[in-house]
1. Got the relative contact order for the stretch 361-578 handy, in percent, Cα pairs under 8 Å and 6 or more residues apart?
2. So if I restrict to the alpha-carbon atoms in the stretch 452-525, what is the Rg, and what is Dmax, the biggest pairwise distance, in Å?
3. Please give the length that would be gained between residue 89 and residue 184 if that part of the chain were fully extended, namely 0.36 nm times their separation in residues minus their C-alpha to C-alpha distance (nm, one decimal).
4. Please tell me the relative contact order of the stretch 161-292 in percent, rounded to the nearest whole number, where contacts are Cα pairs under 8 Å and at least six residues apart.
5. So what's the stretch 361-578 giving for Cα Rg divided by 2.2 N^0.38 Å, two decimals?
6. Which lysines, on any chain, are close to residue 591 with Cα under 30 Å apart, when same-chain ones fewer than 8 places away are left out?
7. Where in the chain are the DSSP H helices whose alpha-carbon span along the long axis reaches 30 Å or more and whose Kyte-Doolittle mean is at least -1.0?
8. Spelling out what I want: for every residue of the stretch 595-603, take phi, set θ = phi - 60°, compute 6.51 cos²θ - 1.76 cosθ + 1.60 (Karplus), and round to whole Hz; glycine and proline get x.
Amino acid sequence: MTAAATMKPSVDRRWRYARRASIALGIALAVGLSVFAIWIAWLPPLPLEQARRASTVVVDRNGKLLRAFAMPDGRWRLPVSTLSNVDPDYVDLLLGYEDRRFRSHPGVDPLALMRAAFQIATRGHIVSGGSTITMQLARLIEPRQERSVSAKLRQIVRALQIERQLSKDEILDLYLTLAPFGGNLEGVRAASFAYFGKEPKRLSLAESALLVALPQSPETRRLDRFSDAARSARDRVLMRLVAEGRVPQDDASRALIEPVPSLRKAMPILAPHATVQAVAVLKESPVIRLTLDATIQKNLEALARDRMSSFNASASIGILAVDNATGEVIAHIGSPDYFDARRAGQVDMTRAVRSPGSTLKPFIYGLAFEDGFVNPESLIEDRPIRYGSYAPENFDMTFQGTVAIRRALQMSLNVPAIALLDRVGSSRLTARIRQAGANLILPKDEVPGLAMGLGGVGITLSDLVRLYSGLARLGNTMPLREIVRDGGGEQDVRRLVEASAAWQVGNILIGTPPPDNAPSHRIAFKTGTSYGYRDAWSIGFDGRMTIGVWVGRPDGAPVTGLTGRTAAAPILFDAFARTGKSPAALPKAPKGTLIATNAKLPLPLRRFRPAGDFIRTGSEQALRIQFPLNGSRIDANSAGEANTATLPVKVAGGVLPMTMLVNGVAVGDIDSRRQKLIDPPGPGFVRLTVMDATGAADTVVVRIQ
């Protein structure tokens with residue numbers, strides 16, 4: 001047998017063995033792939049929704065963080081957006097160090113895996129990991145303690161699934177939200193606040209390198225325990241980036257000498273009262289936006305803390321700033337220090353019911369102007385007077401004699417205010433304030449009385465600010481809003497006083513003498529002091545915003561010498577200054593507003609006389625509006641004769657000349673026949689007032705439809 005013949009069977013056998021081996025390998029591979037596919041199919045869905053859960057955060061109108069609340073298990077995990085929250089240089093540093101091909105690979109980087117395997121084989125230890133950012137995210141979403149081939153395979157599969165479901169930016173955001181930084185800190189924002197006291201928007205090179213290094217071994221590099229280890233890790237990151245040409249040597253040298261923090265800072269906590277209330281209302285919302293301005297809030301909180309030392313150790317301060325145009329709360333300070341138990345810091349003094357002192361007087365004057373029986377230049381008597389058993393006195397126990405209405409309000413004289421309230425009516429003042437959206441709290445079983453004009457009721461700082469912002473809005477009030485809600489809805493605008501009356505009140509208050517060293521004629525303001533020196537108030541407004549200040553003890557105990565002018569007014573003017581905005585001009589006088597000196601006023605408006613207090617000759621009858629009748633409804637299209645749109649007013653009695661006022665605005669004199677045709681201002685309620693030469697007046701309210 002030849003050699004060739006002998007070799008042929010041998011070759012055939014080897015061929016058969018090879019074929020059988022390849023078939024067996026193919027079968028094994030197929031089975032393995034089938035098992036792997038079944039294993040993948042049986043994997044539960046990615047728990048992405050659970051991974052996205054984070055600390056509830058409350059932000060201001062511009063998205064700045066006011067306060068974050070720890071998760072139920074105590075972890076701090078703040079949601080991250082790389083486009084708005086994170087320094088792009090830090091992101092570039094992170095990707096350059098951890099995952100250079102993040103933007104191009106499908107979740108797994110084969111080159112990085114092969115490099116890591118080669119380094120382990122040749123050097124015997126891990127030089128650089130092969131895990132991508134996506135693979136690290138997969139491990140964070142499904143934490144596992146064991147390090148095995150199956151765990152790595154699961155991580156790879158999960159990384160591929162994540163890449164199919166999320167964009168690259170979403171992957172990066174979620175990784176930077178979940179990455180561990182030691183202790184109960186998760187995510188780069190929580191770490192940046194805890195270690196640097198700021199958002200990770202503008203990080204130094206040393207800070208960025210430190211935040212890159214910490215997640216690799218978060219517990220052994222905790223800054224509050226192992227700051228030296230953290231520093232060494234940071235320096236290794238810097239030197240590697242220099243070696244790779246990603247960071248200039250000079251920049252790295254400066255970063256290497258920058259100290260590493262060794263203590264954690266407190267998480268931000270601006271507007272504690274407002275944020276707690278917002279979370280109580282919107283329990284399930286992960287991000288709550290408030291109307292507050294973080295910068296102004298921070299400045300006014302600092303103001304309250306600065307002034308706190310000037311008062312009794314148990315005294316507190318409340319400040320509320322509101323945008324006049326929208327009713328949005330810009331700053332909300334419920335107390336100087338939320339955690340100060342001596343001052344009951346957790347009690348929100350902007351919502352506490354307190355005695356308003358003299359702060360309701362402007363609304364008494366506003367109704368008097370609206371009714372048309374006085375003008376800012378009218379004269380009024382400030383002399384001792386008694387209403388039954390009630391005899392009001394001024395704060396300084398003196399009397400000024402005859403003064404102008406303007407001066408009486410600017411000096412906050414009590415006797416003129418009570419005289420006007422007696423004419424306006426306590427019940428009517430109460431009804432109008434409540435109609436405007438504020439709540440007056442009367443003592444149990446009491447009805448509105450004259451004492452309410454000097455503080456004999458209860459009201460909150462929040463409601464007072466709403467009322468004063470209504471004066472700035474020429475008589476219209478709006479609800480105060482703190483929480484930004486989707487959709488918004490219609491604004492609930494309510495009438496406080498007529499536009500001309502509101503303007504006249506504001507025009508008087510802007511001339512009130514300011515505190516020492518404060519600018520004059522910039523802010524319209526009023527002060528108030530409650531009985532027994534328990535509450536000091538100052539509420540002011542310009543054309544842009546209204547700010548209210550309250551000072552006192554939360555328990556209602558008196559504070560010796562506490563007055564609105566000396567305690568609250570200086571804080572008010574300082575608060576306006578610390579908003580960083582120049583005072584805006586008040587609105588111009590509405591058309592038809594009567595502006596004149598006392599000598600040029602109609603005779604009935606030159607001096608205030610109480611109802612019924614006028615000289616009679618013996619021949620005239622009491623003044624009375626005969627038509628229209630009080631409370632009547634009138635069709636505007638058929639109000640006048642000959643089907644015109646005018647409304648006739650007919651008067652009986654009284655002494656000529658007589659002045660006609662519509663909603664507090666003078667519209668001319670009644671003719672000799674005691675009649676006048678007027679043009680109704682439009683649909684709705686209209687107040688018609690007639691005053692005669694002796695000061696007597698009659699008023700009716702009709703509804704034009």
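1. Over the stretch 361-578, the number comes to 16 percent.
2. Cα-based Rg and Dmax for the stretch 452-525 come out at 15.0, 46 Å.
3. Between residue 89 and residue 184, full extension yields 31.6 nm more.
4. Values: 133 pairs, mean separation 28.7, N = 132.
Over the stretch 161-292, the number comes to 22 percent.
5. Working: Rg = 16.9 Å, N = 218, 2.2 N^0.38 = 17.0 Å.
Cα Rg divided by the expected 2.2 N^0.38 Å: 0.99.
6. Here the lysines satisfying the reach criterion relative to residue 591 are 361, 526, 581, 600, 650, 676.
7. Span-like helices in the chain: 3-42.
8. 10, 7, 6, 4, 5, 9, 6, x, 3
A short reminder: the numbers here are calculations on the coordinates, not readings from a lab. For clarity, every value in this text was computed on a predicted model and none was experimentally measured. So basically every Cβ, Gly included, is an ideal-geometry build from the backbone, and we count neighbours across all protein chains shown.
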